[in-house]
1. Kindly indicate the residue of the range 182-198 that is out of contact with any helix residue (DSSP H, G or I) (no Cβ under 7 Å at 6 or more places or on another chain), assigned to a loop (DSSP other than H, G, I, E, B) and not polar (S, T, N, Q) and also least open to solvent (accessible area, probe 1.4 Å) among those meeting that condition.
2. For the range 245-288, which fully contained strands (runs of 3 or more DSSP E) count at least 2 residues that are assigned by TED's automatic domain parsing to the domain that holds Asp197 and within 18 Å of the chain's Cα centre (by Cα)?
3. Across the range 4-24, which residue is nearest to Thr87 (Cα to Cα) among those that are more than 11 Å from the ligand (Cβ to nearest atom), β-branched (Val, Ile, Thr) and surrounded by 24 or more Cβ atoms within 10 Å (Cβ to Cβ)?
4. Out of curiosity, is Gly320 in the same structural domain as Val214 (by TED's automatic domain parsing), open to solvent by 30 Å² or more (accessible area, probe 1.4 Å) and within 28 Å of His264 (Cα to Cα)?
5. Check Arg345, Arg377 and return the single one that is buried (at least 17 other Cβ atoms within 10 Å of the Cβ) and over 26 Å from the mean Cα position of the chain (by Cα).
6. What's the number of the only condition in (1) open to solvent by 60 Å² or more (accessible area, probe 1.4 Å); (2) free of Cβ contacts under 8 Å to residues at least 60 places away in the same chain; (3) within 14 Å of the ligand (Cβ to nearest atom) that Thr150 fails to meet?
7. If you take the residues in the range 74-91 that are of a type in the set (Gly, Ala, Ser) and assigned to a helix (DSSP H, G or I), which one is nearest to the ligand (Cβ to nearest atom)?
8. I'm told Gln318 meets every condition in (1) in contact with a Lys or Arg (Cβ under 9 Å, 6 or more places away or on another chain); (2) part of a loop (DSSP other than H, G, I, E, B); (3) within 30 Å of Leu352 (Cβ to Cβ) except one. Can you identify the failing condition by its number?
Amino acid sequence: MFVVVGVTGGIAAYKAVSLVRLLVKDGHDVHVVPTDDALRFVGTPTWEAISRNPVTTSVHDDVAQVRHVALGQRADLVVVAPATANTMAKMAAGLADDLLGTTFLATRAPVLIAPAMHTEMWAHPATQANVDVLTSRGVRMIGPVSGALTGGDEGQGRMAEPERIHEVVDRELRHGSGEAAGQAWFVSAGGTHEPLDPVRFLGNRSSGRQGVEVALAAARCGAEVVLAAGHVAHGVLDAAERDPRIRIVRVSTADDLERVAGEHAPSADVVVMAAAVADYRAAEVSDAKITKDGADAPLRLELAQTPDILAGLAARRQPGQLVVGFAAETPGPGETLVERAIAKRRRKGADLLAANEVGWDRGFEGGENHLVVVDARDRVVEEAEGAKRETAEALVRRILAVRAAR
Ligand SMILES: Cc1cc2nc3c(=O)[nH]c(=O)nc-3n(C[C@H](O)[C@H](O)[C@H](O)COP(=O)(O)O)c2cc1C
């Protein structure tokens with residue numbers, strides 16, 4: 001998962017090195033955002049080497065990447081350790097004069113902070129008021145604990161140990177407190193390949209991006225997700241592989257997907273079939289490579305229909321289970337995407353159907369999409385346009401709302 005570790009200017013900054021190491025060891029994509037003062041305690045080379053990602057404090061570095069908002073938007077979790085009195089005051093006031101400040105304001109991910117300071121600074125009404133403001137806005141405190149402080153003093157204000165912070169972060173990343181916590185989801189993504197002979201197949205242009213984003217969005221809401229991933233574009237599964245709430249099962253053909261869905265869908269609360277499943281496969285797969293040696297006639301392939309997996313899952317729907325289909329459509333003249341979506345939902349018997357228009361230059365490989373979602377009463381209940389992460393989030397929110405309204 002994408003974890004931002006904010007580090008501020010206290011002696012305990014050196015302990016944050018252990019926290020970053022533990023998170024990297026867990027397989028997370030860790031981005032350290034130190035304040036300028038933090039770098040007086042532990043320098044950039046240490047953070048970059050430990051996190052394996054570039055480190056900057058300023059909003060003016062790497063401007064083309066819009067880092068000042070991108071980190072916050074991409075984060076699955078932000079943890080600030082240690083958090084100085086100064087940074088907590090800035091967070092409470094909403095100041096954004098450095099990368100940590102802008103990241104905090106830009107994120108909608110859970111924020112955990114591990115304060116560290118002398119007892120007097122912690123107990124001061126100004127600091128306590130800032131704690132109240134931050135906690136009232138959903139920021140969660142880890143510690144501080146009592147113990148030895150810098151300069152030989154003792155008392156409350158010591159940063160919680162890195163192992164303890166790691167434990168809290170890990171629990172949050174695994175279980176979350178989102179709306180889908182405790183739910184099991186089965187999501188399929190990517191295209192299928194139907195073999196013709198040992199070297200060739202019938203496939204499609206699906207990148208898998210939209211389905212994988214649905215799995216990630218559900219996991220961010222706390223769901224435990226089984227993701228049946230067909231053939232996907234390079235790198236599309238990276239974030240899902242790092243997500244402890246997602247279990248990936250690779251599939252290749254429509255038959256594979258039917259088998260894996262048969263294993264995992266019955267125990268799911270929500271089933272989202274976003275994979276681009278072939279409608280046809282070779283009636284007979286040749287054991288030998290098909291060649292044109294000596295033949296000058298066209299090759300005729302006989303194709304047989306593949307199983308209708310979505311219709312099968314909808315027909316065998318478990319009590320309380322929600323079955324959601326996807327349709328990539330190329331509406332003909334005089335037809336609308338919504339009409340096609342309504343007709344397809346009825347044919348499949350799904351609870352919801354998300355349709356997007358595809359064509360030579362839209363829908364598949366790009367990072368953007370336009371989805372319309374219809375329900376069992378033929379109503380358009382959602383329309384979302386934008387990055388596939390955003391359209392996935394809109395769909396997941398809609399699914400959760402439909403479940404909650406039942
Ligand atoms: C040796 C040393 C240790 C410090 N330790 C802390 C600390 O544990 N907590 C704290 O709130 N401030 C501490 N400070 C003061 C902060 O570094 C100072 O308030 C700074 O402006 C914080 O900047 P930042 O919040 O942007 O990182 C310490 C300063 C020094 C010189």
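1. Only one residue tops the list, namely His193.
2. Correct list: 246-250, 270-273.
3. Going through the qualifying residues, I end up with Val5.
4. yes
5. That would be Arg345, the only listed residue that is buried (at least 17 other Cβ atoms within 10 Å of the Cβ) and over 26 Å from the mean Cα position of the chain (by Cα).
6. The number of the failed condition is (2).
7. Looking at the filtered set, the residue picked out is Ala85.
8. The failed condition is (1).
The values are calculated or read from the model by the stated rules, or taken from the named source; none is laboratory data. Fair warning: this is a prediction, and the values are worked out from it, not measured in the lab. Using ideal geometry, Cβ is built from the backbone for each residue, glycine included, and neighbour counts are taken over all protein chains shown. Side chains included, ligands, DNA and RNA excluded: accessible areas come from the protein's heavy atoms. Shrake-Rupley method; radii C 1.70, N 1.55, O 1.52, S 1.80 Å.
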